[in-house]
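> Take a look at this one; I'll ask things after.
Derivation of every value follows stated rules applied to the coordinates shown; laboratory data play no part. On a predicted model such as this, the values are computed, not experimentally measured, just so you know. So basically every Cβ, Gly included, is an ideal-geometry build from the backbone, and we count neighbours across all protein chains shown.
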């Protein structure tokens, strides 16, 4: 049975963006679609890795990862963890990463946090915005400053596709070549796709669906 695990980005949920649509599309193919609701951005990475470990266990080539933004970054760290834990004995079917990054543009992240807090009309959150932003920056800095062991990730996931936009406010354009060279990923750069959110027109994402299903089909063959 094919299992597709998906992870959303910061400040989002499995019910936002293209994920609800992708869930329906994968169900039509008879695949399992697992999309946990991640905690907010200031949760330490180790807690999230433990959560994935409990949910997935030891994955295999019937398991595929689809991550968006911070969710894509978390899958990278999770693959590192899998390699350290199981050595080279664990391999998944592959990954499709949408707007992945090593180092995020925190200036854009901060602006997004402030806008979300103001739109929420949550007085408590607004009053504690300084702490929320500081915690988010701490997590962001930790991710960016912690080396990525690309070779170990490639050993766990040998087929990787990364989708970028040429006007993504959160992802530096230099990340495109980093992922192409370090992850040996197939790269697709979209014109004016923003951060692939609903406001960018991505309640559906047919290209993502097609390349994911093609990856699964080739592995089955």
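> Using Cα pairs under 8 angstrom and six or more residues apart, how large is the relative contact order of the range 155-219, in percent?
Rounded, it is 34 percent for the range 155-219.
> Over all directions, average the projected area of the Cα convex hull of the range 1-98 and note it in nm².
5.8
> Sort 189, 4 by Cβ crowding within 10 Å, fewest neighbours at the top.
189, 4
> Please arrange 175, 180 by counting, for each residue, the other beta carbons lying within 10 Å of its beta carbon, fewest first.
Result, fewest neighbours first: 180, 175.
> Tilt of helix 129-145 relative to the longest C-alpha principal axis of the chain, in degrees (0 to 90, nearest 10)?
The helix 129-145 is inclined about 40 degrees to the chain.
> Normalised radius of gyration for the chain, please: alpha carbon Rg relative to 2.2 N^0.38 Å, two decimal places.
Computed over Cα atoms of the chain, the ratio equals 0.98.
> Still on this structure: Which whole-number percentage describes the relative contact order of the chain, with Cα contacts under 8 Å and a sequence gap of 6 or more?
Dividing the mean separation by the residue count of the chain yields 23 percent.
> Once you sort the root eigenvalues of the Cα gyration tensor of the range 166-220 as a ≥ b ≥ c, which label holds: rounded (a/c under 1.5), prolate (a/b larger than b/c) or oblate (the other case)?
Here the range 166-220 falls in the oblate category.
> Rounded to the nearest 500, what is the 222 nm mean residue ellipticity of the chain from helices alone, with -39500 (n - 2.57) per DSSP H run of 4+ residues and division by all residues?
-15000 deg cm²/dmol
> Let me know the shape class of the range 99-221, please: from the alpha-carbon gyration tensor, a ≥ b ≥ c as square roots of the eigenvalues, rounded when a/c is under 1.5, otherwise prolate if a/b is greater than b/c, or oblate.
prolate
> Decide, for the range 52-98, between rounded, prolate and oblate: order the square roots of the alpha carbon gyration tensor eigenvalues as a ≥ b ≥ c, take rounded if a/c falls under 1.5, and otherwise choose prolate if a/b is larger than b/c, else oblate.
Taking the square roots of the gyration eigenvalues as a ≥ b ≥ c, the range 52-98 is prolate.
> Roughly how tilted is helix 19-28, in degrees to the nearest 10 and between 0 and 90, from the longest Cα axis of the chain?
Approximately 20 degrees, to the nearest 10.
> Taking the 0 to 90 degree range and rounding to the nearest ten, how far is the long axis of helix 206-220 tilted relative to the main principal axis of the chain, both from C-alpha atoms?
Taking the Cα atoms of the chain, the angle to 206-220 is about 30 degrees.
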